[in-house]
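*Asks:* Just passing along the structure, written as structure tokens.
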Number of protein chains: 2
Amino acid sequence: MKRTQIRKSPKRPATMAEVAARAGVSAMTVSRALKSDGAVSEETRRRILATVEELGYVLDLSAGALSSKRTGFVAVLIPSINNSNFSDTARGITEAIESQGLQMLLGYTDYDMDKEEQLVQAMLTRRPDGIIVTDGRHTPKARRMLQSAGIPVVETWDLPADPIDHVVGFSNAEASRALVHRLYHQGYRNIAFIGGASRRDTRGADRRLGYKRAVEELGLPPGRTISFGNPPISMEQGGEAIVHLIEQWPDVDAAVCVSDLSAFGAIMECHRRGWAVPGRIAVAGFGDFEVSRCCWPRITTVAVDCRNIGLEAGRVLLGALDDVREKRTPGPETLIVPFQVIEREST
Amino acid sequence: MKRTQIRKSPKRPATMAEVAARAGVSAMTVSRALKSDGAVSEETRRRILATVEELGYVLDLSAGALSSKRTGFVAVLIPSINNSNFSDTARGITEAIESQGLQMLLGYTDYDMDKEEQLVQAMLTRRPDGIIVTDGRHTPKARRMLQSAGIPVVETWDLPADPIDHVVGFSNAEASRALVHRLYHQGYRNIAFIGGASRRDTRGADRRLGYKRAVEELGLPPGRTISFGNPPISMEQGGEAIVHLIEQWPDVDAAVCVSDLSAFGAIMECHRRGWAVPGRIAVAGFGDFEVSRCCWPRITTVAVDCRNIGLEAGRVLLGALDDVREKRTPGPETLIVPFQVIEREST
DNA sequence: CGAGTTTATGGTATCGATATCAATCACCGC
DNA sequence: GCGGTGATTGATATCGATACCATAAACTCG
């Protein structure tokens, strides 16, 4: 037996059916009126929109997602939200996809592959239309889930040897190598590396790898690396590290840091101790953070256009979604974005 | 006429019904087995989880949300994702809610009320279980939508005169006022304010207001304020501003900046020009960013525990959600978080 | 002017889960 | 051995939109 419930309470939000009834049309017509593409006469649309306004109706996309099989979500995993490089990428992604009515579902992995795996699972639970990750390495299970999710995947900030699907990135190792070569060109011969030993920060590990390759190629004294705890590496840790570095190898004349933040911390510590930068030791960073452009001495670094990585990743994803819709099946796309060594006063 | 579709394609993800059929139980039992609380015998659960694994089944929450009328989303609006104060708050919120299986839906307002209004609308479309905003002022329409959404609302980073629902924040004006008083106590008498004139950054405007009140109370020369463009304010802009400031009022002995970032930029510019900080001019900031603790001179600032604001906002929201579930109806909660003036070498 | 096409709209099935209530079964105490 | 209690499971209706197809009206053109 079905009983009609009569409620006066305006608590329960209005449904599309109610709007339809009130406007004297079918629910389907209301649905069309609320999409931009829907073919509805101008007059009807006006009437419907007025009713929507009157009832304070808000479309329920979670219901729409179920029937249309498109959620309009793009899952995005970044290592940390506090790192402005990654948040710039997230912003770029947002800019690229919001014009298509897509919305970002953001998660932080804390530089941890296991956390990434959990997040991939949690995100897939929301049935995103696509997913963008900030890494080229994953746990086997995460990889499997990404592959079999049946949605476009974009790996960014890396150039994986064996991509899952699409890629928008650059080689952290190559970038770091280029930076060391530049320092060599400037005349430095005892070059050390600070950071990047953590198993967690794979991009940092790649940068260290590039450093190692470079010192080998150039015949410089190898093995001068200092590491510290888990990412995210702080400015303070950069300061501590450079002190250890100079204690351990007093002849070093340049330090490449895994990121500008640690480079900045290192330089400030040098100031406090009266070590001239670059007189006593040159310091370079990675990432071209705002602080590096603004501090004194300004920091030599590797610049990548982080926002652009996001824009391109979003663009590639949109393209892939279009391909699915149009039943085209082009192969995965790999886009290599440029990096640039910027020489400043710290070296 | 209905035709049975036989597909070999594993493209289409498995459904709960398929898992159920394969495990020889009903869909309802699968659903229970996948929730932690569900009452299912150990033996059945094991069998179901094995089948889930075998088929690579991933729960579809977007379908679950429709029937349970709970999406598990918490919408969070922050002014900018690149500002580590706000991203720390977002991180705190995530920490607080993820234990309850809730997920954050993040949006950036770009310090723009109109954008906030659009975002509120877009977010409500996803039917979040609650919403957290980083402001106490909103467009009339945004306010109306928040009020009538029928979900708990938490306003943070502010103490609105007329709260919508719950509040977790502090008075930016009071904090700024306290900072000026501290400078006065240190002996500064010609104190200026940099930033915060934008109609967009209401927190910045409040800080400027607190400054004005303080100089009035203390009988100091008023009106020494410099503003610059729209937020987010950059380090570079802080540098430009302090130059204008000193040109315009050569007798200023201290500058309060709307944020640590502009304070840092100002200090660096002073370095470049050979103006001693604090000898020629003292500089204070707001927000206790990492750079202020690490640079030299370290920057006097107002510290707020940003992550804690997020944790508390999350906690308040969870409480409110519990209240709804248990049909309790306590009044809105207002939690005032402390701030602290930290005196360092820049003043 | 009639066949063919386009435009606007509605009816119905369906997306994939969960709420709710009912049914079954084992076990317990007296 | 019987009613009662709690644990486990299932059947069915439903959440609120959109896809898909059908239909009616208006319009096009040789």
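*Asks:* Just the residues that are within 19 Å of the chain's Cα centre (by Cα) and assigned to a loop (DSSP other than H, G, I, E, B), please, taken from the stretch B:310-342.
*Replies:* Of everything in the stretch B:310-342, those that are within 19 Å of the chain's Cα centre (by Cα) and assigned to a loop (DSSP other than H, G, I, E, B) turn out to be B:E333, B:V337, B:P338.
*Asks:* To continue, here is another question. If you scan the stretch B:94-108, which residues turn out to be in contact with a strand residue (DSSP E or B) (Cβ under 7 Å, 6 or more places away or on another chain) and more than 9 Å from every other protein chain (Cβ to nearest Cβ)?
*Replies:* B:I97, B:L102
*Asks:* Within the stretch A:94-109, is there a residue that is among the polar types (S, T, N, Q), part of a helix (DSSP H, G or I) and farther than 30 Å from A:T202 by Cα?
*Replies:* No - not one qualifying residue is present in the stretch A:94-109.
To keep it simple, each residue is scored yes or no on (1) within 16 Å of DNA strand D (Cβ to nearest atom); (2) at pLDDT below 95; (3) in contact with a Phe, Trp or Tyr (Cβ under 6 Å, 6 or more places away or on another chain).
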site: A:D60; (1), (2), (3): yes, no, no
site: A:V74; (1), (2), (3): no, no, no
site: A:G92; (1), (2), (3): no, no, no
site: A:S99; (1), (2), (3): no, yes, no
site: A:L102; (1), (2), (3): yes, no, no
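*Asks:* Related question: If you scan the stretch A:295-327, which residues turn out to be within 14 Å of another protein chain (Cβ to nearest Cβ) and surrounded by 22 or more Cβ atoms within 10 Å (Cβ to Cβ)?
*Replies:* A:C295, A:I299, A:C306, A:G310
*Asks:* Only residues that are more than 7 Å from DNA strand D (Cβ to nearest atom) and surrounded by 15 or more Cβ atoms within 10 Å (Cβ to Cβ): list them for the stretch A:14-29, please.
*Replies:* A:A14, A:E18, A:V19, A:A20, A:R22, A:A23, A:V25, A:T29 - these are the residues of the stretch A:14-29 that are more than 7 Å from DNA strand D (Cβ to nearest atom) and surrounded by 15 or more Cβ atoms within 10 Å (Cβ to Cβ).
*Asks:* Only one residue in B:A276, B:A263 is crowded, with 23+ Cβ neighbours inside 10 Å and either under 22 Å from B:R199 (Cβ atoms) or of a type in the set (G, A, S) (or both). Which one?
*Replies:* From the options B:A276, B:A263, the qualifying one is B:A263.
*Asks:* Also, I was wondering about something else. Of all the helices (runs of 4 or more DSSP H) wholly in the stretch A:14-73, which have at least 2 residues that are closer than 26 Å to A:D129 by Cα and near DNA strand C (Cβ under 10 Å from one of its atoms)?
*Replies:* In the stretch A:14-73, the matching helices (runs of 4 or more DSSP H) lie at A:27-34, A:61-68.
*Asks:* Same structure again: For B:T51, are the conditions met, namely being over 28 Å from A:A63 (Cβ atoms) and within 16 Å of DNA strand D (Cβ to nearest atom)?
*Replies:* Yes: the conditions hold for B:T51.
*Asks:* Could you list, in sequence order, all residues of the stretch B:214-239 that are acidic (D, E) and more than 23 Å from A:D88 (Cα to Cα)?
*Replies:* B:E216, B:E217
*Asks:* Being surrounded by fewer than 24 Cβ atoms within 10 Å (Cβ to Cβ), over 9 Å from the mean Cα position of the chain (by Cα) and closer than 30 Å to A:S292 by Cα is true for just one of A:M113, A:M145. Which residue is that?
*Replies:* A:M113
*Asks:* Something else: Right, A:R91: in contact (Cβ under 8 Å) with a residue 40 or more places away in the chain, within 13 Å of chain B (Cβ to nearest Cβ), surrounded by fewer than 23 Cβ atoms within 10 Å (Cβ to Cβ) and under 30 Å from A:G285 (Cα atoms) or not?
*Replies:* For A:R91, the condition - in contact (Cβ under 8 Å) with a residue 40 or more places away in the chain, within 13 Å of chain B (Cβ to nearest Cβ), surrounded by fewer than 23 Cβ atoms within 10 Å (Cβ to Cβ) and under 30 Å from A:G285 (Cα atoms) - is met.
*Asks:* Looking at the stretch A:42-65, which of its residues are within 12 Å of chain B (Cβ to nearest Cβ) and crowded, with 17+ Cβ neighbours inside 10 Å?
*Replies:* Residues satisfying the conditions are A:V52, A:Y57, A:V58, A:L59, A:D60, A:L61, A:S62, A:G64, A:A65.
*Asks:* Kindly indicate whether any position in the stretch B:109-116 is touching a strand residue (DSSP E or B) at 6+ places or on another chain (Cβ under 6 Å) and within 10 Å of chain A (Cβ to nearest Cβ).
*Replies:* Scanning the stretch B:109-116, I find no residue that is touching a strand residue (DSSP E or B) at 6+ places or on another chain (Cβ under 6 Å) and within 10 Å of chain A (Cβ to nearest Cβ), so the answer is no.
*Asks:* Here's something else I'd like to know. If I go through the stretch B:242-260 residue by residue, how many of them are surrounded by fewer than 24 Cβ atoms within 10 Å (Cβ to Cβ) and closer than 23 Å to A:E290 by Cα?
*Replies:* Selection size over the stretch B:242-260: 3.
*Asks:* Taking the condition farther than 19 Å from B:P338 by Cα, assigned by TED's automatic domain parsing to the domain that holds B:I267, in contact with a His (Cβ under 9 Å, 6 or more places away or on another chain) and not small (G, A, S), does B:I233 pass?
*Replies:* No: the conditions fail for B:I233.
*Asks:* Assess whether A:I81 counts as being of a type in the set (V, I, T), within 9 Å of chain B (Cβ to nearest Cβ) and within 12 Å of the chain's Cα centre (by Cα).
*Replies:* So A:I81 passes the test.
The values are calculated or read from the model by the stated rules, or taken from the named source; none is laboratory data. Being a predicted model, the structure only gives us computed values, none of them experimental. For neighbour counting, all protein chains shown are included, and Cβ atoms are generated from backbone atoms with ideal geometry for every residue, glycine included.
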